[in-house]
Amino acid sequence: MIIHVPHASTNIPDHIAQQFLLSAQELQQELDLMTDGLTDQLAALASQRTRVKPWIFENKLSRLVFDPERFPDDTEVMNQVGMGVVYSKTSDQKPLRDIPESESQEIINAYFKPYSLALERLVTEPLEALGHVVIIDLHSYPVVASDYELYKESARPAVCLGVDEFHTSEALVALAARELSGLGDIDINTPFVGTYVPLEFYGRDARVQSIMLELRRDTFLTAGVPGPSFEKTALAISQLIDGLSSASQ
């Protein structure tokens, strides 16, 4: 099992921050909204409580630097709102950065490609040894939809399970729904769709299974810090991991 934590960091290298067209206050507001705050701590706490420890693969840079969960070509649907691998727009669709394509490609080469390759390698070893890998793609989202979202009118349940037709089995969905049921209402691919799979395996190798956990922030955070249900949420994730471990034996 691998817990993928792509959007928890607020770290922005200075040379990237200089590209942004926002004031310091505007940038902080954007980070507050777009960062999946404390999902790294949630993953760590869940890992501590499992019988079999999962790998945790965490992006140490803000998604405003690069987003590892985008396709690096014209097939990426979020390009239409300026939020492909290298964001050009903010959550409210204002200009974030205005750089030539060559500089965007430099960011992809410097950050996106090494990240993707490292996660691909992490998946490859246990896949070859055990014949299967499960990725838990851990995210959070705000109560109110942002302008950039593609499905702003959709329901916003306590838990959104993002699934992929090829990489998410019905058994995985059922197990996740059961173990997370105590966190509140659950929807599938609502309001966010899909889950992360390294590009090398995407659509090619069904032995790589993946499910996205989108947790509505108010269910486990209070004003940006752990809320009363933080430990309960971590425990539910650990029970999902233990359930997957038992099912694979």
Residue check for Ser210: of a type in the set (S, T, N, Q), assigned to a strand (DSSP E or B) and modelled with pLDDT of 95 or more: yes
Some residue of the range 99-108 being farther than 24 Å from Leu180 by Cβ, in contact with a Phe, Trp or Tyr (Cβ under 8 Å, 6 or more places away or on another chain), at pLDDT 95 or above and part of a helix (DSSP H, G or I): yes
Number of the exception - Ala44 against (1) part of a loop (DSSP other than H, G, I, E, B); (2) without any contact (Cβ under 8 Å) to a residue 24 or more places away in the chain; (3) among the aliphatic types (A, V, I, L, M): (1)
Glu101, sole failed condition from (1) acidic (Asp, Glu); (2) in contact (Cβ under 8 Å) with a residue 40 or more places away in the chain; (3) more than 25 Å from Asp242 (Cα to Cα): (2)
Selection count, the range 1-16, where residues are free of Cβ contacts under 8 Å to residues at least 60 places away in the same chain and either part of a loop (DSSP other than H, G, I, E, B) or under 30 Å from Gly243 (Cβ atoms) (or both): 6
Single residue of Gly227, Gly194 found to be at positive phi and at pLDDT 95 or above: Gly194
Where a residue in the range 17-29 is touching a residue at least 60 places away in the same chain (Cβ under 8 Å) and its partner, wherever it lies, is in a helix (DSSP H, G or I), with Cβ under 8 Å and at least six apart: Gln19/Glu103; Phe20/Leu27; Leu22/Glu30
Per-region count, the range 56-81, residues under 14 Å from the mean Cα position of the chain (by Cα), farther than 20 Å from Leu42 by Cα and among the aliphatic types (A, V, I, L, M): 1
Unique match (being touching a His at 6+ places or on another chain (Cβ under 7 Å), within 22 Å of Tyr148 (Cα to Cα) and not in a strand (DSSP E or B)) among Arg63, Arg70: Arg63
Verdict on Val134 being part of a loop (DSSP other than H, G, I, E, B) and either buried (at least 20 other Cβ atoms within 10 Å of the Cβ) or touching a strand residue (DSSP E or B) at 6+ places or on another chain (Cβ under 8 Å) (or both): no
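Quick check on the range 219-242: of everything there that is surrounded by fewer than 16 Cβ atoms within 10 Å (Cβ to Cβ) and not in a strand (DSSP E or B), which residue is nearest to the chain's Cα centre (by Cα)?
Gly224
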Considering residues of the range 154-177 that are in a helix (DSSP H, G or I) and touching a residue at least 40 places away in the same chain (Cβ under 8 Å) only, the residue surrounded by the fewest Cβ atoms within 10 Å (Cβ to Cβ): Ala171
Scan of the range 79-89 for residues that are surrounded by 18 or more Cβ atoms within 10 Å (Cβ to Cβ) and without any contact (Cβ under 8 Å) to a residue 60 or more places away in the chain, ordered by number: Gly84, Val85, Val86, Tyr87
Meets criteria (in contact (Cβ under 8 Å) with a residue 12 or more places away in the chain and of a type in the set (Gly, Ala, Ser)) for Ser116: yes
Failed criterion for Gly84 (all others in (1) within 13 Å of the chain's Cα centre (by Cα); (2) more than 17 Å from Leu215 (Cβ to Cβ); (3) small (Gly, Ala, Ser) hold): (1)
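The values are calculated or read from the model by the stated rules, or taken from the named source; none is laboratory data. Every value quoted in this text rests on a predicted model; they were computed, and no experiment measured them. Cβ sites come from the backbone with ideal geometry, for glycine too, and all protein chains shown count toward neighbours.
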